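Beneath this line is the structure, given in C-alpha cells, with notes to follow.
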Amino acid sequence: MYSRGGGRAGQRLGSSDMDNKDYITVEELMQQLNVTIITIKRMIGKGELPEFTYGADSKSKVKGWHKKALEAHAVQRAIGNQ
C-alpha cells in the first residue's frame, strides 16, 4: 500500500501500517489485488465485494471498507458456497 499524506509520496506502507487501520481504501485493495477500479466495481456488482462502508457519501474523496465489513462479507460468502 502507498501512503497518502504523512510520509513521502508513493512510500510503500508495511503490513503493520495496514493492521493499525480499521479500514481499507479502494486504492489499497486495488494494489493488493493488482486490479483496476473497473474490476473493483464489477466485483461489487457481482456481490464479490460489499458496497462501500467507509466514505460512502458522495462528498467523500476516499472510499473503502471497514475491515470488519469485508471479513463478515467473506464469511457469509464462504457459508453460502457450502
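The values are calculated or read from the model by the stated rules, or taken from the named source; none is laboratory data. Bear in mind the structure is a predicted one, so any value in this text is a computation, not a measurement. Every residue, glycine as well, gets a Cβ built from its backbone with ideal geometry; the counts of neighbours run over all protein chains shown.
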State all residues of region 57-78 that are surrounded by fewer than 16 Cβ atoms within 10 Å (Cβ to Cβ), under 12 Å from the mean Cα position of the chain (by Cα) and within 13 Å of Val26 (Cβ to Cβ); if no residue qualifies, say none. Val62
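Can you confirm whether Lys68 is outside any loop (DSSP other than H, G, I, E, B) and not aliphatic (A, V, I, L, M)? So that I can check it myself, show each step before the final result.
Details: outside any loop (DSSP other than H, G, I, E, B): yes; not aliphatic (A, V, I, L, M): yes.
Spelling it out, Lys68 is indeed outside any loop (DSSP other than H, G, I, E, B) and not aliphatic (A, V, I, L, M).
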Residue under question is Ala9, and the condition is that it be hydrophobic (A, V, I, L, M, F, W, C) and either modelled with pLDDT under 70 or assigned to a strand (DSSP E or B) (or both); does it hold? yes
Tell me which residues, restricted to region 23-49, are surrounded by 13 or more Cβ atoms within 10 Å (Cβ to Cβ), of a type outside the set (Val, Ile, Thr) and within 10 Å of the chain's Cα centre (by Cα). Tyr23, Glu27, Glu28, Leu29, Met30, Gln31, Leu49
